[in-house]
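The values are calculated or read from the model by the stated rules, or taken from the named source; none is laboratory data. Just so it is clear, the model here is predicted, and its values are computed rather than measured. Here the Cβ positions follow ideal geometry from the backbone for every residue, glycine too, while neighbour counts run over all protein chains shown. Side chains included, ligands, DNA and RNA excluded: accessible areas come from the protein's heavy atoms. Shrake-Rupley method; radii C 1.70, N 1.55, O 1.52, S 1.80 Å.
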Amino acid sequence: MALCAAAAIIAASVARSPLLALMCCFAALLSYRKGVGIGIVAAIIVAALALTVDPYAAHPLAIKIIVSVVALAIASVIGGEAFGRIVPDGVAPRPAPPSTRSVRGLETPARGSRTVPEPRRSLAVDAEPESNVEQETISRFLREMREQVGGDEVVLWRYLRDTDELIPISSATSAIPKITFETNPPLESLVHWAVQQGLPTTNYDTEPSFFLTAAVGKEGRFHGAIGVYAEDRESVSRERAKIFLPRFATRLTLLVDMLSDGKETRRYRGKADKVVVAAQTIQKSQDLAALSDSICKSALDITGGTRCAFVRWHAEEQTAAVEAVTPLHTIEPGFAIAPDSIIGMFLRNPDRPRMAVRESYRKSEGLPFSPLEPSRRIGSLAIVPLAVDDDIIGAVCVEGDEEAQLTAVEGELLSMLAPVASVALKNVEQLQDVTKKSNHDALTGLANRRQFEDRLRHHLLEHARHRQPVSLILLDIDLFKTVNDIYGHQGGDEVLVEVARAAERTIREIDLCARYGGEELAILLPQTNLAGASRTAERLRQAVSMLQVKPPNGGAPIKVTASFGVASYTESVKAGDLLFPAADMALYQAKSAGRNCVRQAMSRSSFGKG
């Protein structure tokens with residue numbers, strides 16, 4: 001307006017006409033309110049009238065003066081339109097006053113209820129791009145709506161409930177619009193009100209512009225709003241817009257849902273074949289650790305997620321822990337699942353769904369694993385249970401860095417893979433259980449004689465390749481027959497179990513302790529020479545002699561001792577098949593020496609009697 005007034009004053013100075021200055025200001029104001037076309041016509045009429053009627057105007061009127069005055073009047077009108085109404089691209093609008101809308105509610109009063117008008121506000125927003133097919137389809141619909149309803153622009157917004165945000169996704173003029181609207185109340189408040197209340201709403205009748213918005217869709221599917229905007233209120237039939245906008249909103253809801261279903265179908269079709277390949281990969285795994293890793297990898301292959309974890313449920317303890325993860329996951333195997341975490345509550349829920357998908361994950365919903373889990377970016381989350389015959393085994397948890405990276409489509413694909421993975425886990429567990437029973441002693445849990453002999457052959461072959469020593473310790477419980485006679489076989493079994501536990505506590509992970517027969521144990525020590533094996537035997541002898549075994553019928557603890565024979569290949573013997581006989585001979589020497597001692601094969605050195 002300041003520029004308009006300046007132009008009018010210049011025009012009046014040239015013609016020396018106060019009336020011309022006043023009427024030029026009037027023409028500029030008219031242009032500002034009604035448009036450029038009306039303003040130009042008014043400016044020409046004003047100039048002609050002022051120069052003819054005003055007695056103070058310059059006379060005689062030269063053609064140059066008349067032309068210059070008219071030109072300046074028109075320039076003032078155009079300048080008023082350009083600088084008073086339009087916010088040019090690249091120029092940020094003035095900051096808006098804080099909205100009265102809260103995070104989860106809206107406090108926008110009804111039209112006309114304010115006694116003091118709020119300042120005008122411009123809202124410039126960038127759209128969120130959709131796929132090309134969806135963009136063109138939605139834009140075509142919005143253009144059709146604009147032709148029937150009128151207005152300068154029709155915009156579709158998506159509403160994100162978790163963040164209480166509005167994101168424009170398309171408009172009639174552009175699939176990716178750059179929109180600048182001026183409304184009072186602010187446009188953002190109007191659209192939020194329409195979405196949350198489900199009612200059409202508009203700006204003040206006193207505003208020169210017109211904006212009408214209505215909700216589109218519903219929670220659970222597409223949810224947003226559609227809005228019609230016109231800079232000139234008089235250019236739109238407001239009553240017609242109020243009637244037709246809700247109808248178009250209903251049609252647009254059906255259209256967006258149809259496009260969403262088609263998008264999910266295409267997404268599903270592109271990944272469904274991967275489920276077959278993933279199922280075949282899982283079924284090939286015969287080892288529990290390899291199978292767990294394969295489940296995680298297959299889950300990522302079919303979903304396109306960022307990372308995956310397989311969580312194992314322990315029904316007896318009612319606890320869960322991470323069994324396996326994909327590379328680069330911040331969670332480590334063995335990480336305990338908190339009962340109040342998302343996965344913890346999911347596994348404990350007897351009415352758990354087939355899948356739990358959060359397309360827009362927020363930390364306010366809870367942490368997936370535990371409050372102690374490392375911080376990382378999670379945009380979306382998908383969890384499916386693994387169960388056989390209603391017995392829960394665990395769950396697969398896939399994370400995506402971006403929102404909507406994991407959707408209901410990926411959840412369905414995981415649900416298709418879950419039964420295959422569950423059965424495979426059950427089969428491998430049963431196979432390993434049978435294998436363990438066939439290779440382990442039922443009473444002590446130690447390896448049995450067959451597994452011992454297989455491992456001995458393996459270590460002897462390893463020695464042939466790498467020349468690493470292999471040692472053997474034979475342990476025999478002293479006076480074991482007497483224990484059975486006094487305390488019965490149950491007492492003898494208790495002694496055997498306690499001695500086996502002491503042996504397992506003494507040896508290394510790479511060593512093997514087996515129940516060779518009766519009260520005799522055999523311990524294989526790879527990469528250990530004769531001296532090292534003798535030290536291990538002495539530590540075990542001391543541990544056994546300190547045992548206090550409770551008798552089955554009560555009374556004083558059972559005192560236990562054991563004798564040990566040690567041999568090493570190649571220090572004690574020069575052939576592998578002589579290792580066991582050499583250790584057996586050393587054991588016989590320990591028994592002959594009074595029991596409860598250690599003897600080395602082919603060596604005169606020994607450890608003292610305890």
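The figures follow:
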quantity: Residue list for segment 405-415, restricted to those being modelled with pLDDT of 90 or more, of a type in the set (A, V, I, L, M) and either within 10 Å of the chain's Cα centre (by Cα) or open to solvent by 10 Å² or more (accessible area, probe 1.4 Å) (or both); calculated: 406
quantity: Selection count where residues are touching a helix residue (DSSP H, G or I) at 6+ places or on another chain (Cβ under 7 Å), modelled with pLDDT of 80 or more and either crowded, with 19+ Cβ neighbours inside 10 Å or hydrophobic (A, V, I, L, M, F, W, C) (or both), scope segment 147-181; calculated: 9
quantity: Number of the condition not met by residue 418 [criteria: (1) touching a strand residue (DSSP E or B) at 6+ places or on another chain (Cβ under 6 Å); (2) assigned to a helix (DSSP H, G or I); (3) crowded, with 22+ Cβ neighbours inside 10 Å]; calculated: (3)
quantity: Scan of segment 240-258 for residues that are of a type in the set (D, E, K, R) and in contact (Cβ under 8 Å) with a residue 60 or more places away in the chain, ordered by number; calculated: 240, 251
quantity: Segment 391-409 residues that are more than 13 Å from residue 355 (Cα to Cα) and touching a residue at least 60 places away in the same chain (Cβ under 8 Å), paired with ones that are among the polar types (S, T, N, Q) and in a loop (DSSP other than H, G, I, E, B) (beta carbon under 7 Å, 6 or more apart); calculated: 399/306; 400/306; 401/306
quantity: Top-ranked residue in segment 219-255 [being in a loop (DSSP other than H, G, I, E, B) and out of contact with any Phe, Trp or Tyr (no Cβ under 6 Å at 6 or more places or on another chain); ranked as least open to solvent (accessible area, probe 1.4 Å)]; calculated: 222
quantity: Test set (1) more than 49 Å from the chain's Cα centre (by Cα); (2) under 19 Å from residue 580 (Cβ atoms) - residue 486 fails condition number; calculated: (2)
quantity: Residue tally, condition surrounded by fewer than 21 Cβ atoms within 10 Å (Cβ to Cβ) and among the polar types (S, T, N, Q), over segment 523-542; calculated: 3
quantity: Search result, residues across segment 541-599 that are part of a helix (DSSP H, G or I), among the charged types (D, E, K, R) and more than 22 Å from residue 492 (Cα to Cα); calculated: 577, 584
quantity: Residue check for residue 375: under 16 Å from residue 315 (Cβ atoms) and either in a loop (DSSP other than H, G, I, E, B) or touching a Leu at 6+ places or on another chain (Cβ under 7 Å) (or both); calculated: no
quantity: Subset of segment 499-517 [among the acidic types (Asp, Glu) and buried (at least 16 other Cβ atoms within 10 Å of the Cβ)]; calculated: 511
quantity: Residues (exposed (fewer than 13 other Cβ atoms within 10 Å of the Cβ) and among the polar types (S, T, N, Q)) located in segment 429-440; calculated: 430, 435, 438
quantity: Candidate set: segment 312-343, residues that are aliphatic (A, V, I, L, M) and outside any loop (DSSP other than H, G, I, E, B); chosen: the one surrounded by the most Cβ atoms within 10 Å (Cβ to Cβ); calculated: 343
quantity: Residues within segment 136-171 that are part of a strand (DSSP E or B), closer than 21 Å to residue 379 by Cβ and of a type in the set (Val, Ile, Thr), tallied; calculated: 2
quantity: Residue within segment 383-404 that is open to solvent by less than 10 Å² (accessible area, probe 1.4 Å), acidic (Asp, Glu) and assigned to a strand (DSSP E or B) present; calculated: yes
quantity: Segment 464-491 - residue that is in a helix (DSSP H, G or I) and in contact (Cβ under 8 Å) with a residue 24 or more places away in the chain and, of those, surrounded by the most Cβ atoms within 10 Å (Cβ to Cβ); calculated: 483
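This table checks each residue for (1) in a helix (DSSP H, G or I); (2) open to solvent by 50 Å² or more (accessible area, probe 1.4 Å); (3) in contact (Cβ under 8 Å) with a residue 12 or more places away in the chain; (4) touching a helix residue (DSSP H, G or I) at 6+ places or on another chain (Cβ under 8 Å).
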{"residue": "442", "(1), (2), (3), (4)": "no, yes, no, no"}
{"residue": "451", "(1), (2), (3), (4)": "yes, no, yes, yes"}
{"residue": "462", "(1), (2), (3), (4)": "yes, yes, yes, no"}
{"residue": "497", "(1), (2), (3), (4)": "yes, no, yes, no"}
{"residue": "521", "(1), (2), (3), (4)": "no, no, yes, yes"}
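So that you can scan it fast, the table gives a plain yes or no per residue for (1) within 15 Å of residue 420 (Cβ to Cβ); (2) touching a residue at least 24 places away in the same chain (Cβ under 8 Å):
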| residue | (1), (2) |
| --- | --- |
| 291 | yes, yes |
| 322 | no, yes |
| 329 | no, no |
| 340 | no, yes |
| 344 | no, yes |
| 357 | no, yes |
